[in-house]
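Chemist: To start, I am sharing the structure in question, which I have written as structure tokens.
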Amino acid sequence: MKKLLTLLTLLIVINFSSAQNNYNTNEELTIDFDLNSEIELSGSGTINNLLATVFLVPLTDDLQNVISLLETSTPTAEIEFDENIKYIWTEESENYEFGYSSVIKTQNKLYKVPEVSFPYENIPEELNEYLQPQEITDLNSDIIQKTSEIIENEDQAYLAVHKIADWIYTNIDYDLNTVTETVAKKSSWVIENRQGVCDEITSLFISMTRSIGIPARFVSGMAYTNVYNNFGNHGWAEVYYPGYGWVPYDVTFDQFGWIDPSHISLQKTLDAGESSITYRWESNGNVDLDSKEINTIAEIISEGDKIDPIFEVSLKAIENTVAPGSYVPIRARIENPFNGYISNQI
């Protein structure tokens, strides 16, 4: 049965004037993605073996399909690939290089979330860890109190989460300064200072969502940004709805309950502060390891077809005669063709 819902229930972001290409209307994107880094050794002594474990690895899920992935290393390493990639060297060298090249196809998925009563009655045991405070996504009385004020007496989980996302997007300033750019700040710091970058904004969203008993997790990856007209490192969240599953939220990009297909997911964790790469080695003597920055490059190699309009929209002027310089009020009628909550842009 089709539902005719109000704008508030549809959770639609009205954005008629955007001229920038956010790939929001593409069905899919095919993206070349490369990651590489290196290690330098110094000091006296010899290395018996060296292990580098890379946790930033694209995996196939409901939003992306890994078409190909080729690992590289110099000197040649023994490579083990599961959810992570392990590079194991037994050959001694002053410099070790490693990484991979991949091709990923991302999907523009419309999430149709059914009505889920809130608070949740039963949560699967394996999801309990996604309710607990962590080092970065911490909890304090300010976060708990503000979240309670935001959701008020809402009894639908989807609407409660949307209210949290909208409050953060409206009230937390995106501020790329030296304090938040180099080290991820805790959610308690963000609620006090009302600023941060994508990691801080997402961490506060996760902390608030967890504070009301809704599981959420942190996603590390890449996304296209119109700030630089290029791909950059990015973080967003996923929220769990019983009977449906995990749904993405990019509060920084104002994408609540969906994300555009320029997002490349590389790691899903409990906290923003978890490691991207770890190292372990055995040596004879005093050997120091100097790990270099992680270099990432993403490039779109093909764009999918444009998506047909999802909603039926009709506009009607409320007043037909107005004076020069006046505003003309209009009534928008938007029909949701699905029996569930949906969030998208028009």
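The values are calculated or read from the model by the stated rules, or taken from the named source; none is laboratory data. As the structure is a computational prediction, the values presented were derived from the model and not from experiment. Don't worry about glycine lacking a Cβ; one is built from the backbone with ideal geometry, like all the others, and counts go over all protein chains shown. With ligands, DNA and RNA removed, areas are computed over all heavy atoms of the protein, side chains included. Shrake-Rupley method; radii C 1.70, N 1.55, O 1.52, S 1.80 Å.
Chemist: In this structure, is residue 287 in a strand (DSSP E or B), at pLDDT below 95 and either surrounded by 17 or more Cβ atoms within 10 Å (Cβ to Cβ) or of a type in the set (S, T, N, Q) (or both)? Give the steps one after another, and end with the answer.
Modeler: On the way: in a strand (DSSP E or B): yes; at pLDDT below 95: yes; either surrounded by 17 or more Cβ atoms within 10 Å (Cβ to Cβ) or of a type in the set (S, T, N, Q) (or both): yes.
Yes, satisfied.
Chemist: So how many residues does the range 152-171 have that are open to solvent by 10 Å² or more (accessible area, probe 1.4 Å) and closer than 23 Å to residue 117 by Cβ?
Modeler: Looking only at the range 152-171, we keep the residues that are open to solvent by 10 Å² or more (accessible area, probe 1.4 Å), and these are 152-156, 159, 162-163, 166-167, 169-171.
Among the residues that remain, those that are also closer than 23 Å to residue 117 by Cβ are: 152-156, 159, 162-163, 166-167.
So the answer is 10.
Chemist: Restricting to the range 51-73, what's the tally of residues that are hydroxyl-bearing (Ser, Thr, Tyr), over 19 Å from residue 32 (Cβ atoms) and in contact with a Ser or Thr (Cβ under 8 Å, 6 or more places away or on another chain)? Break it down into steps so the answer makes sense when it comes.
Modeler: Step one: filter the range 51-73 for residues hydroxyl-bearing (Ser, Thr, Tyr), giving 53, 60, 68, 72-73.
The next check asks that each one be over 19 Å from residue 32 (Cβ atoms); those that pass are 53, 73.
Okay, now just the ones that are also in contact with a Ser or Thr (Cβ under 8 Å, 6 or more places away or on another chain), so 53.
The qualifying residues number 1.
Chemist: Also, I was wondering about something else. So residue 180 ticks every box in (1) at pLDDT 95 or above; (2) surrounded by fewer than 22 Cβ atoms within 10 Å (Cβ to Cβ); (3) assigned to a helix (DSSP H, G or I) but one. Which box is left unticked?
Modeler: Residue 180 satisfies all of (1) at pLDDT 95 or above; (2) surrounded by fewer than 22 Cβ atoms within 10 Å (Cβ to Cβ); (3) assigned to a helix (DSSP H, G or I) except (1).
Chemist: Same structure again: May I ask you to list pairs of residues, at least six apart or on different chains, whose Cβ atoms are under 6 Å apart, with the first in the range 173-199 being of a type in the set (Val, Ile, Thr) and the second being assigned to a helix (DSSP H, G or I) and modelled with pLDDT of 90 or more?
Modeler: Within 6 Å, the pairs are 180/200; 190/200; 190/204; 191/142; 191/143.
Chemist: Okay, moving on. If residue 191 meets every condition in (1) within 16 Å of residue 146 (Cβ to Cβ); (2) part of a strand (DSSP E or B) apart from one, which number is that one?
Modeler: (2)
Chemist: Return the residues of the range 128-142 that are surrounded by fewer than 15 Cβ atoms within 10 Å (Cβ to Cβ) and either closer than 11 Å to residue 271 by Cα or under 24 Å from the mean Cα position of the chain (by Cα) (or both); say none if nothing qualifies.
Modeler: First, the residues of the range 128-142 that are surrounded by fewer than 15 Cβ atoms within 10 Å (Cβ to Cβ): 128-129, 132, 135, 141-142.
Passing the criteria: 128, 129, 132, 135.
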